[in-house]
Each structure stands twice: as C-alpha cells, then as structure tokens.
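Okay, structure first, notes after.
The values are calculated or read from the model by the stated rules, or taken from the named source; none is laboratory data. Fair warning: this is a prediction, and the values are worked out from it, not measured in the lab. Cβ atoms come from the backbone with ideal geometry, glycine included; neighbour counts cover every protein chain shown. Side chains are part of the model used for accessible areas, which takes the heavy atoms of the whole protein and leaves out ligands, DNA and RNA. Shrake-Rupley method; radii C 1.70, N 1.55, O 1.52, S 1.80 Å.
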Amino acid sequence: MKRISLAFAILLATQTAALFGADALRQAQPNTLVILADDLGWGDLSCFQGTIAQTPQLDKMAAEGVRFTQCYVAAPICSPSRCGIITGQFPGRWRITSYLQTRAGNAACEMVDYLDPKAHSLPRTLREAGYATAHVGKWHLGGGRDVKNPPKFAEYGYDLGLGTWESPEPHPDLTAKDWIWSAEDPVKRRNRTEWMVDQTLEFLKTYEDRPCFVNLWLDDTHTPWVPSAEDQVIRKTGEAGGKGATIERLAKVLGEMDRQLGRLLDGIRRRPTDRPTLVFFLGDNGPEPTFDQRRTAGLRGSKLSLYEGGLRVPGIVWGPGLVQGGVTNTDTVLATVDLFPSLCKLCGVDPPQGYESDGEDLSSAILGKTQPRRAKPLMWEYGRNATSFAYPSVTQHRSPNVAMRDGVWKLLIQADGTRVELFDLVTDANETNDLSQIRPDIARELSKRALEWRMSLP
C-alpha cells in the first residue's frame, strides 16, 4: 500500500506540474539537460521534414514532448551560438562573433580568446542554488590551438568538465593528439556520442540526491562523418566537409546519434528517482554542406548565414509528466537566449542580482502551452569583415551581416546601412520575397533599431 501511495503521489505531482505549469515545477527542482547537436540542419530529423535518414528515437521524443518549429540560435556558427546559451545574452556583448581559434585569428575577427568567466552563466546560477552541474562534450568557448590559458570549467560554474580538444580541459579519451580528432584517440570518432551519453548517465547516477544540470554538447553532426571503422577520414579538398561529406555517411551518423540519444532517454526513464527531468534537444547552428538545401528543408541559407537556414534549428523539449506531450508549437518564437530566464523560472532559481537577459521567460511554452514572444526582439550579427570571416560558398545564401526578428518581420542589413532586406516569415519562411520596397515604413523602423543595436556592441 505504501508503494501504491508513493506512486500515486509522484503521478499526482507530475500531473499537477503539467496542469499548472512552472509554479508547481519550481518546487521539484527538475534535473535539466541541454543537448546540442553540432551543425544540425532544420530538416535533418525525420520529425522536421527530413528525408536523409530516419530518426525514430528523436521522433518519439518529439511525440512525447513539444516540437518547436520556430527555434533560433544566437549565431550561425558554433562559439557565439554556445555563448548565447551559457549567458542568455547576445554573444556580441562578450566580443564573440565567430568561432574561437588562434589568438591571431581571434584578433582579426575583433574577438576575445575565450568567454569572460565574469559573465553571468547559467550553470553557475544553478550550482549556487544547489544543482550539481556538468559539461560533457564540445565546448569551443576558449582553449585549443595556441590559447593555452583559458579559464577552467569550474570558473563558469561546472562541478565536472569533460571537454573535447577545443576546451580548457580536454579529456584524454578524446584527445590523443593536439587536434580535434585523431585516429589514435582511445574513443574513436564514430563512438564519441556513445561515450558522452555514458558520461551523462554516470553523472546523473552519481548525484541522485541532488538536482542536476548537464550540458551534453555533441560533436555530431559536424564533419568529418566517420560512421564505421571502414570509413576513413577524408580531409577537405576545397568543398565543405571534403570528399567524405556524402549523404550516405551523414545518414549513418544521424542514425547512430539518434540511437544513442534514445539510449539516454531510456536511461532517464529507468532511473529509480521521483525527481522529474527536463531535456532540451537542438542544434547549434545551420548545416554545412546542405545538399541543395535538403538539410534545411528548403530554408534559405546555411551555417555562416543569417538567413533562416543558418539560424533556425530543430527544437524539442521532453519531460514525462511535466511537458505536455504531442505538441507541435508553430507559433512561439523560442530562442536559445531564452533558456537562461526560462530555466531559472522552471528550476525555482532566482536570476543573479543585476543580470539582464536578452531573452524572455518562455517557460509556459516549454511546458506545452502557446506563449507569444512579447517584449524582446531577436538580434544577430555575423561577418565584420570580408577577410577573416568565412561565408557560404553559394552567393544566394550570403546574407547581410546584421539581422533582427520582431513579430512576423525579419530584417537584414549591412552594418553600413546598405542592402536592406525585409521578409514576412509567416508567409515566406524561405525568404524569397523581399518586401523592403513594399513596406518601406517597416524597413526604416527596423533598420534604425538594428543599426543602433549593432553600434551598441563593443
């Protein structure tokens, strides 16, 4: 009878959280995981119109949770995109505008060498509230190449940091040599997602008595695609990803990533605990190569572009008993800068004193309700000069270097005020019909705001 009563209490608690939203959930301090797939296209998953591979486990995750069709990252390239998640602020604030690389390369891009540890960070905020915190996988916010003194993971608020090569603390299982991948790595390229899932499950097991926060940031689906021992790493030959970047290889990599994440969700389901769990899955930026936009499901742009194909990513939220299942949210514009304020609300944690996010609290949308974005537009920049910044190889996908979205409108403009483009994303998500001449009033107003924002950045 005691077991039945406990089970009923747990069921009632989770149903109450789902019914009444964030206030009930705050009391539970749920475990929270943010899974980031690298260079994942909006159309890579079969539940997002993908045709390259079947992804049944992530499709099941979406069916049991909320699928966001308007989910945005903070930049069309890895380092600033990740900065937006950690800080909840636009990455230009922290002088991270491209991928972090050599000191000379960073200076040429007008960047710092690593994320300032004085920045308010989501993991530090949660750790100060009693959470056990871990980073597992790709970091790319400082470290590697000739940046030898980046801040350690603990300075950002992590109890455990298991990084890849571009991090302050590369794990030896992943870094036998001084480079991103090596044939001598104890954990081979094709097995890295499996290794990262294992480490995440072990961390959750170790800290069963505390709420946990984990950033699980995968290498997949970044090239090189090495799905089996028979597939050799083929170096770049001028095309994006090199000769080894084939649809067949990508399909295998997507399939393996899907299997491993299904194993992670099964492990969470089987855990002997009554603490609820929230899991976020999304990409860090658009894909490259796109295979004639198959990987963006027709959206214009790619990685390195401020068009939708570079910024709009698959977004799934899963939490049995907490998140309303079977929801496809086509209305809420959710961005990664929203995660900081939203998770503070959902985890019962006060934001740091004096902290101001560039995002909004969209916790109700995360739990399955339709919640409009009300106050804060989304702002982006990429490409401060033509020498140090890479751009898509296809001219059609090279965007102006400043963009904003406010309501249905998306404006793109060069920082010098030229090349104004305006799109209604509700009727034209593929950004084919420039309305800047038809709605000059909207174009003028948004241009003024976008350029003022750009000039405010360091």
Does A251 satisfy the criteria of being at pLDDT below 95 and among the aliphatic types (A, V, I, L, M)? no
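Do any strands (runs of 3 or more DSSP E) lying entirely in the range 216-334 carry at least 3 residues that are open to solvent by less than 10 Å² (accessible area, probe 1.4 Å) and in contact (Cβ under 8 Å) with a residue 60 or more places away in the chain, and which ones are they? Explain how you work it out, then say what you get.
On the way: elements: 277-283, 312-318, 327-329.
Passing ranges, in order: 277-283, 312-318.
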Unmet requirement for L33, which otherwise passes all of (1) open to solvent by less than 10 Å² (accessible area, probe 1.4 Å); (2) under 26 Å from R300 (Cβ atoms): (2)
C78 - would you say it is within 29 Å of D198 (Cβ to Cβ) and in contact with a His (Cβ under 6 Å, 6 or more places away or on another chain)? yes
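Give me a count of the residues in the range 138-158 that are surrounded by fewer than 20 Cβ atoms within 10 Å (Cβ to Cβ) and in contact (Cβ under 8 Å) with a residue 40 or more places away in the chain.
First, pick out the residues of the range 138-158 that are surrounded by fewer than 20 Cβ atoms within 10 Å (Cβ to Cβ): 145-149, 151-152, 154-155.
Those still in the list that are in contact (Cβ under 8 Å) with a residue 40 or more places away in the chain too: 145-147.
Residues in the range 138-158 being surrounded by fewer than 20 Cβ atoms within 10 Å (Cβ to Cβ) and in contact (Cβ under 8 Å) with a residue 40 or more places away in the chain: 3 in total.
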Restricting to the range 405-446, give me the number of residues that are over 26 Å from L334 (Cβ atoms) and of a type outside the set (D, E, K, R). 9
Within the set of pairs 6 or more residues apart or between chains, which connect a residue that is of a type in the set (K, R) inside the range 380-407 to a residue that is open to solvent by 20 Å² or more (accessible area, probe 1.4 Å) with Cβ atoms less than 8 Å apart? R384/E110; R384/N401; R384/A415; R398/Y391; R405/P377
Among residues belonging to the range 428-454 that are within 22 Å of P372 (Cβ to Cβ) and without any contact (Cβ under 8 Å) to a residue 12 or more places away in the chain, point out the one that is surrounded by the most Cβ atoms within 10 Å (Cβ to Cβ). D428
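Could you tell me which of the residues A134, A129, A108 is more than 24 Å from E288 (Cβ to Cβ), surrounded by fewer than 21 Cβ atoms within 10 Å (Cβ to Cβ) and not basic (K, R)? Even if it seems obvious, please write down each step before you answer.
Numbers: A134 fails: surrounded by fewer than 21 Cβ atoms within 10 Å (Cβ to Cβ); A108 fails: more than 24 Å from E288 (Cβ to Cβ).
After ruling out the rest, the residue left standing is A129.
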Given (1) under 30 Å from F291 (Cα atoms); (2) modelled with pLDDT under 95; (3) open to solvent by 50 Å² or more (accessible area, probe 1.4 Å), index of the condition D178 fails: (1)
Within the range 63-71, can one find any residue that is in contact with an Asp or Glu (Cβ under 8 Å, 6 or more places away or on another chain) and open to solvent by 10 Å² or more (accessible area, probe 1.4 Å)? yes
All but one of (1) open to solvent by less than 10 Å² (accessible area, probe 1.4 Å); (2) free of Cβ contacts under 8 Å to residues at least 12 places away in the same chain hold for A365, so report the exception by its number. (2)
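Hey, could you check the range 335-362 for residues that are among the hydroxyl-bearing types (S, T, Y) and surrounded by fewer than 23 Cβ atoms within 10 Å (Cβ to Cβ) and say which is farthest from R93 (Cα to Cα)?
Taking the range 335-362 first, the residues among the hydroxyl-bearing types (S, T, Y) are 336, 342, 355, 357.
Now narrow it down to the ones that are surrounded by fewer than 23 Cβ atoms within 10 Å (Cβ to Cβ): 355, 357.
On the way: Y355: 13, S357: 11 Å.
So the residue we want is Y355.
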Among (1) touching a helix residue (DSSP H, G or I) at 6+ places or on another chain (Cβ under 7 Å); (2) open to solvent by less than 20 Å² (accessible area, probe 1.4 Å); (3) under 30 Å from Q324 (Cβ atoms), the one test that L378 misses: (1)
